[in-house]
């Protein structure tokens, strides 16, 4: 939500998002549902490849995220309009990096290190 508000304020994009509780609740529920699989994937990747795997995941979402959003903006301009130039794409990539990184850090802080998971295979 912060990235959307900041991008609107800086003129990088325009997202007409209502601040009514129903719309915000639906927005947050949609984010939780759509981001949960990404966090579970990064958790498994971190368990197998440690921080290098998470870094690769961050690069992948930073590359895939902006074209996805630009496609949605082209198909549904009433949802989002990007400003011209490279800055909106870079800001969008940074928002994706932040979403995945913060989510992974929260999972790590709640659950502990992925390698210490009791379901992880032992290396014996």
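Find the percent of Cα-Cα distances in region 6-59 that exceed 14 Å, and round it to a whole number. Provide the component values of the computation, followed by the final result.
Values: 974 of 1431 pairs.
That tail contains 68 percent of the Cα-Cα pairs.
Any idea what diffusion coefficient region 50-90 gets from Stokes-Einstein, in µm²/s, Kirkwood Rh on alpha carbon pairs, 4 °C, 1.567 mPa s? Walk me through the intermediate numbers first.
Details: Rh = 11.5 Å.
After rounding, the answer is 113 µm²/s.
Report, as a whole number in µm² per second, the diffusion coefficient that Stokes-Einstein gives for region 30-70 at 4 °C and 1.567 mPa s using the Kirkwood radius over alpha carbon pairs.
For these conditions, the coefficient is 120 µm²/s.
Taking every pair of alpha-carbon atoms in region 1-104, give the share separated by more than 16 Å as a whole percent. Walk me through the numbers before you get to the answer.
Values: 3295 of 5356 pairs.
Every Cα pair in region 1-104 considered, those over 16 Å come to 62 percent.
How far is helix 21-75 tilted, in degrees, relative to the longest principal axis of the Cα atoms in the chain, given as a value from 0 to 90 rounded to the nearest 10?
30 degrees
Rounded to the nearest 10 degrees, what's the angle between the helix 87-111 long axis and the longest principal axis of the chain, both from Cα atoms, 0 to 90?
Result, in degrees: 40.
Between residue 83 and residue 17, how high is the FRET efficiency from 1/(1 + (r/R0)^6) when r is the Cβ-Cβ distance and R₀ = 25 Å? Nearest 0.05.
Working: r = 17 Å, r/R0 = 0.67.
According to the calculation, E is roughly 0.90.
Taking the Cβ-Cβ separation of residue 108 and residue 6 as r and a Förster radius of 30 Å, what is the calculated FRET efficiency to the nearest 0.05?
Rounded to the nearest 0.05, the efficiency is 0.75.
Between residue 97 and residue 40, how many nm apart are label points set 7 Å from Cα along the C-beta direction?
With each label placed 7 Å out from Cα toward Cβ, I get 2.8 nm.
No lab work stands behind these numbers, since they all come straight from the coordinates. Remember, predicted model here, so these are calculated numbers, not experimental data. Because the Cβ atoms are built from the backbone with ideal geometry, glycine has one as well, and the counts that use them run over all protein chains shown.
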